[in-house]
1. If I compute solvent accessible area with a 1.4 Å probe over the protein chains, what percent of it on the stretch 14-84 is carbon and sulfur?
2. For the stretch 92-244, what is the accessible area per residue in Å², given a 1.4 Å probe and the full set of protein chains?
3. Using the Karplus curve 6.51 cos²θ - 1.76 cosθ + 1.60 with θ = phi - 60°, what ³J(HN,Hα) values do you get for each residue of the stretch 60-77, in whole Hz, with x for Gly and Pro?
4. Taking K105 as the anchor, which lysines have their alpha carbon closer than 18 Å to its alpha carbon, excluding any fewer than eight residues away along the same chain?
5. Quick one: 3J(HN,Hα) in Hz for the stretch 131-137, Karplus 6.51/-1.76/1.60 with θ = phi - 60°, rounded, Gly and Pro as x.
6. Is the shape of the stretch 56-188 best called rounded, prolate or oblate, per the rule: a/c under 1.5 gives rounded, else a/b larger than b/c gives prolate, else oblate, with a ≥ b ≥ c the square roots of the Cα gyration tensor eigenvalues?
7. Where is the GNM fluctuation largest for the chain (alpha-carbon springs, 10 angstrom cutoff): T12, T194, T185?
8. Report the calculated FRET efficiency for T188 and T52 (r = Cβ-Cβ distance, R0 = 25 Å), to the nearest 0.05.
Amino acid sequence: FPVNTGYWSGETLGDLYLTWYNYIDPAKTVEIVNTLKSRADAGQTVFYDIYTDAEKTADPDKHNAGLFFFKGEKGQPFAICNAGGGMAYVGAMHDSFPHALGLSKKGYNAFALIYRPGWNTAMEDLARAISFVIGHKDELGVDPDGYSLWGGSAGARMAAHLGSYAPDYGLPRAGAVIMQYTGHTDYTRNDPPTYACCGTSDGIASWRTMRSRLEAMSAAGIPTEFHAYEGLPHGFGLGTGTVAEGWIEDALKFWDRNR
């Protein structure tokens, strides 16, 4: 949850409101917390620091940056999920934890990144997170080949940017980028296969802008898939109980076809 009260309100999970988000599911929030608690009680590591103690001492802002691990089957590929929040906060409980939990239930190894808001710091944290997982693949039990980057809103911009420019960060390209509701337009001819979805009533990220980007990528020979969900606003997350429900299964099939 965001720590600044300016970005949330509500006295109970049922009343919870997060800026820029809709369709927050209290039952899913409870499931996520209980899952993490049960795994921690069983002796599993559920949070990994991505910076060393020395780095955190030199820059205390790095103290909370890291990865929540939703473990899947040993040897399966991994995904890193990036929540949005307008680069003001990290809306992980709605925009990356549910995705990571869903992926882990399907056997994939999924990580939800807690990054430092702000474009440069967020990109530094995402690049470090990918490097950390690849560097600890044996300990984590993941296959780094064909990894995927997921994101919603600001987190989708992060995923798309790193998908485009991974070599500039000294990293292998992702097998796929899965992105929701963002107006990001930049791409390269070497971009990974990209799946995108958005609502037609999104007042922040235009579905037409997203579609235009993917059409241009497709014309360049990059595999793409796009879905616009009628009447949905920004920040619908998993879309439970909406016309978008089940989109994550479509995205998984897309990843599997292309990795």
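1. For the stretch 14-84, the apolar C and S fraction of the accessible surface comes to 51 percent.
2. 34 Å²
3. x, 5, 7, 4, 9, 6, x, 10, 7, 9, 9, 6, x, 8, 4, x, 7, x
4. K28, K37, K71, K74, K253
5. 4, 4, 5, 5, x, 10, 4
6. It is rounded, given that a/c, with a ≥ b ≥ c, falls under 1.5.
7. T12
8. In this case the efficiency is close to 0.20.
The values are calculated or read from the model by the stated rules, or taken from the named source; none is laboratory data. On a predicted model such as this, the values are computed, not experimentally measured, just so you know. FYI the Cβ positions are ideal-geometry reconstructions off the backbone, even for glycines, and counts take in every protein chain you see. Accessible surface is based on the protein model in full, side chains and every heavy atom, while ligands, DNA and RNA are left aside. Shrake-Rupley method; radii C 1.70, N 1.55, O 1.52, S 1.80 Å.
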